[in-house]
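This report concerns only the one structure given below.
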2 protein chains.
Amino acid sequence: MDYIVSAPGKAILHGEHAVVHGKVALAVSLNLRTYLRLRATTTGKVCINLPNIDTFFCWDLSELQQLIASSQGQKEEVTRLNHQLVNRLREFVGVTNGNLDTRTMATLAFLYIYLSLFGSGKLPSLTVSVWSELPTGAGLGSSAAYTVCLAAALLCASGDVPSPLKEWDHTARWCQEDLELINSWAFQGEIIIHGNPSGVDNAVGTWGGMLRFLAGKIIPLSRVPLLRILLTNTKIPRSTKVLVARVKDKINKFPSIMTPVLDSVDAISCTCEKVLSEMTCEPITGEHYNILEELIDINQHHLNVMGVGHPALDTLCRVTLARGLHSKLTGAGGGGCGITLLRPETDSCVIQSTVQDLRDCGFDCWETSIGGPGVQQHSPLSVKEEILEILNQF
Amino acid sequence: MDYIVSAPGKAILHGEHAVVHGKVALAVSLNLRTYLRLRATTTGKVCINLPNIDTFFCWDLSELQQLIASSQGQKEEVTRLNHQLVNRLREFVGVTNGNLDTRTMATLAFLYIYLSLFGSGKLPSLTVSVWSELPTGAGLGSSAAYTVCLAAALLCASGDVPSPLKEWDHTARWCQEDLELINSWAFQGEIIIHGNPSGVDNAVGTWGGMLRFLAGKIIPLSRVPLLRILLTNTKIPRSTKVLVARVKDKINKFPSIMTPVLDSVDAISCTCEKVLSEMTCEPITGEHYNILEELIDINQHHLNVMGVGHPALDTLCRVTLARGLHSKLTGAGGGGCGITLLRPETDSCVIQSTVQDLRDCGFDCWETSIGGPGVQQHSPLSVKEEILEILNQF
């Protein structure tokens, strides 16, 4: 038993903040991925290695066996969180009030899914190792990419979903029904990590592509083109909570001015969805990209109107525009990350110069894509050498 | 007979472009003024001196007498343009098709008002000299400030309105009825210069303060506070016609996105009008200025969304914001002029540094105010020394 799976991060293409006020948002998969390798072992131990966050744990199976309540005779259903199990696990890993750091949360999420899936039978000895290309805490769905990988690999190991990879495949995905199950367990992990997640991040991690999010309802969109982008992290720290409150205050202060701005953002999301859908069923033209660029510019101005801009984001927009490229913030704003659309004809030396310009500003910058596949299983051949090396260290 | 009059320029505070699509705009007087001195002479000549545009003309009264048609027995009413007179004047000053430069237009406007007011009697010998603080062709209503001054001084000279200045006054204004007459004649001058003016510029030059402009209707607002500003000319040339067409195209391309933006601009104008009116009847607080600044920022973003921004205007906003000051373009955009709000507590050394920063960008920059008085008559004592010197040269 040896599975390698990966899941993408998430970016908001349009509609961040407006979605809080009942408008459409478009979430897309971000092809900076989290990779997870799960191997059966004969050590009588369960080990988890999360080198991104310096977290390495091994437990004896006997230790973990004690955490399963006698009441937990039946395999856990995934309907809602088993709070008793969570409480036992919190005690086990030593969560005292407020000790809610990333490392502890990631450990809890793993143990919860592992024990829920295997608690009714004999606990298997295994090692899980994870490596992510995503920065953590940057609003790019890194925790969801992790819980989606956990759910997919552990559900494979428990036999709840089949391993989709055939001998001759490099990568393979699961059928809809299996993805639903993976997504449900990933969502439980997200609840453990975040308390009250929207479910968008794990849905993007599971289905990939793009999804429409409106009034709590998440609708995966069948087909979207793969778009090349730069993802830039300004590394300006910000609080999503504070920024959401700031937008709300501004709407309350200037309702007649701000309500139309939210309507305009809604129309941007709908127009973008329509253009992307056209791009999958007719020849892609420069005009499609022109419109995508215009929508990015307009939305970036609207986000500034909402008060969630930042001088660093202005710099990002200015620096990329100087190279003919269009950018907007993605997510909460107030710093954080931005995306820059690359056109098919954008020359690689333009891209390299832009990346260098942005790094010179002190930003992190990756060339990647949006709209790529969700969770998938990999043959080792389809995993980049350097990532495979990291996963094989443990 | 020796009159000195002045009239202010105009700036659009909010609603430029949106006004073309049926939304409210707020036009304010800009206290960069045009000064005009009219003196009776005994030379038997009519002379006009416009040193800003290197235009100096003298005509014998006998020459001008010949331009008056025999049909023009009655004094001209100001209802509509006398096209026959205009045509005779165009021939007289040598307007061949297309020769519509500023100098010719300014001369035509003067001769038209002069002959219309005096043509039914004996033409008076006089000299008119004009000096303006306004840059021409920058969308700041310099032609209207000129025609308002012409109308006021010539109507005084003809006895159609009284000279309002009493012995002990420094400056004085006319009553409403006289202002109406001045405005009507100034509008005729604007028609000669511009062909199809909106009437906003001459109304601001006449009444000063602020006026609301909606669907062709111009409503002067009773009381507004005087606001200190910086007026910056980026000197980027632009075509109002092209910019208006650009906005129209964008609305046609993205109606669902752009229509709410126009609604938001409309609400900005209405909110601004309300705040300014509050500032005249309750103690002015920092919060009043905070709101004015927020409205400026939001509208500047909306104008960028409309596609009438320019990198030079972005620079203006960034440079002033670095000093804590908020700016927006005024008028057509795409370059041209911008205004920067100064707060009552803004330190004069901050202002001086900001002006220097902007000049270092290659811009022209003036510290002035908006909301000041419209056309007024001056005692020589109330005119700045250097302006008086220029007017007295002729």
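A few points about this structure:
- Residue-averaged 222 nm ellipticity for chain A, from DSSP H runs of 4+ at -39500 (n - 2.57), nearest 500: -14000 deg cm²/dmol
- ³J(HN,Hα), Karplus 6.51/-1.76/1.60, whole Hz, each residue of region B:178-192, x for Gly, Pro: 5, 4, 4, 5, 4, 4, 5, 5, 4, 5, 4, x, 5, 4, 4
- Spin-label pair A:Leu214/B:Lys241, simplified geometry with 7 Å Cα→Cβ offset, distance in nm: 4.3
- For chain A, convex hull volume per residue from C-alpha positions, Å³: 145
- The alpha carbons of region A:245-297 give a radius of gyration and a Dmax of 15.0, 45 Å, in that order.
- When both region A:131-164 and region B:177-192 are represented by their alpha-carbon centers, they are found 75 Å apart.
- Heavy-atom accessible surface of B:Ser369, to the nearest 10 Å², is about 10 Å², with a 1.4 Å probe and all protein chains retained.
- Between region B:44-65 and region A:261-331, the alpha-carbon centres lie 57 Å apart.
- Cα-projected label distance for B:Gln393 with A:Thr104, points at 7 Å along beta-carbon direction, nm: 8.0
- In degrees, nearest ten, helix B:83-92 long axis to first principal axis of chain B (Cα): 80
- Region A:106-195: relative contact order in percent, alpha carbon pairs under 8 Å with at least 6 residues between: 41
- Prolate/oblate/rounded call for region A:182-312, Cα gyration tensor, a/c under 1.5 rounded: oblate
- With kT/(6 pi eta Rh) evaluated at 25 °C and eta = 0.890 mPa s, and Rh the Kirkwood radius from Cα pairs, region B:112-222 diffuses with a coefficient of 165 µm²/s according to Stokes-Einstein.
- Across chain B, the mean sequence separation of Cα contacts (distance under 8 Å, 6 or more residues apart), normalised by length, yields a relative contact order of 26 percent.
- Region B:220-260, accessible surface, carbon-and-sulfur percent (1.4 angstrom probe): 58
- Which of A:Trp174, A:Asn392, A:Ser120, positive extreme of dipole for chain A (C-beta unit charges): A:Ser120
- Residues in region A:117-153 reached by a label modelled at A:Met1 [backbone nitrogen below 18 Å; 7 Å Cα→Cβ]: A:117-130, A:149-153
- Probe 1.4 Å - accessible area at A:Phe110, Å² to nearest ten: 0
- Taken per residue, the accessible surface of the protein assembly as shown reaches 40 Å², heavy atoms only and a 1.4 Å probe.
- Solvent-accessible area lost in complex, 10 Å² minimum, residues of region A:229-261 relative to chain alone, 1.4 Å: A:Lys250, A:Lys253, A:Phe254, A:Ser256, A:Ile257, A:Pro260, A:Val261
- Label separation (B:Ser125 vs A:Lys384): 9.1 nm, computed from points 7 Å beyond Cα along the C-beta direction.
- Share of pairwise Cα separations in the protein assembly as shown, more than 46 Å, in percent: 40
- Label distances, nm, A:Ala172 versus same residue in remaining copies, Cβ-directed 7 Å point: 9.9
- With pairing defined as another cysteine C-beta under 4.7 Å, the cysteines of chain B that fail it are B:Cys149, B:Cys156, B:Cys175, B:Cys270, B:Cys272, B:Cys281, B:Cys317, B:Cys337, B:Cys349, B:Cys361, B:Cys365.
- Gyration tensor (alpha-carbon) shape descriptor, region B:209-269, a/c threshold 1.5: oblate
- Accessible surface of region A:103-145, 1.4 Å probe, proportion on carbon and sulfur as whole %: 54
- With its label point defined 7 Å out from Cα along the Cα-to-Cβ axis, A:Ser125 lies at 12.2 nm from the matching points of the other copies, in increasing order.
- Pairs with C-alpha atoms separated by more than 32 Å, drawn from the list A:Lys45/A:Lys166; A:Lys241/B:Lys235; A:Lys250/B:Lys23; B:Lys248/B:Lys328; A:Lys23/B:Lys253; A:Lys328/B:Lys23, are A:Lys241/B:Lys235.
- Buried on complex formation within region B:292-310 (loss of at least 40 square angstrom of accessible surface versus the isolated chain, 1.4 Å probe, ligands and nucleic acids ignored): B:Glu294, B:Ile298, B:His301, B:Val305.
- Using alpha-carbon coordinates, inclination of helix B:286-305 to the longest axis of chain B, degrees: 90
- Of the trypsin sites (Lys or Arg not before Pro) in region B:136-230, those whose Cβ has at most 10 other Cβ within 10 Å and which sit in DSSP loop: B:Lys166
- In the complete set of protein chains, residue-level accessible area for B:Ser184 is approximately 40 Å², probe 1.4 angstrom.
- Using alpha-carbon coordinates, inclination of helix B:102-118 to the longest axis of chain B, degrees: 50
- For region A:308-394, the carbon plus sulfur part of the accessible surface works out to 53%, probe radius 1.4 Å.
- Three-way shape call for region B:119-176 based on the alpha-carbon gyration tensor, with the a/c threshold at 1.5: oblate
- Gaussian network model of chain A, springs between alpha carbon atoms under 10 Å - residue of A:Ser116, A:Ser29, A:Ser222 with greatest fluctuation: A:Ser222
- Paramagnetic reach from B:His21 (point 7 Å along Cα→Cβ, amide N under 11 Å) across region B:295-326: B:303, B:305-307
- Total accessible area lost when A and B pair, probe 1.4 Å, Å² to nearest 100: 1900
The values are calculated or read from the model by the stated rules, or taken from the named source; none is laboratory data. The structure presented is a predicted model; accordingly, all values stated were derived computationally and were not measured. Backbone-built Cβ (ideal geometry, glycine too); neighbour counts: all protein chains shown. Only protein heavy atoms, including side chains, enter the accessible area calculation; ligands, DNA and RNA are left aside. Shrake-Rupley method; radii C 1.70, N 1.55, O 1.52, S 1.80 Å.
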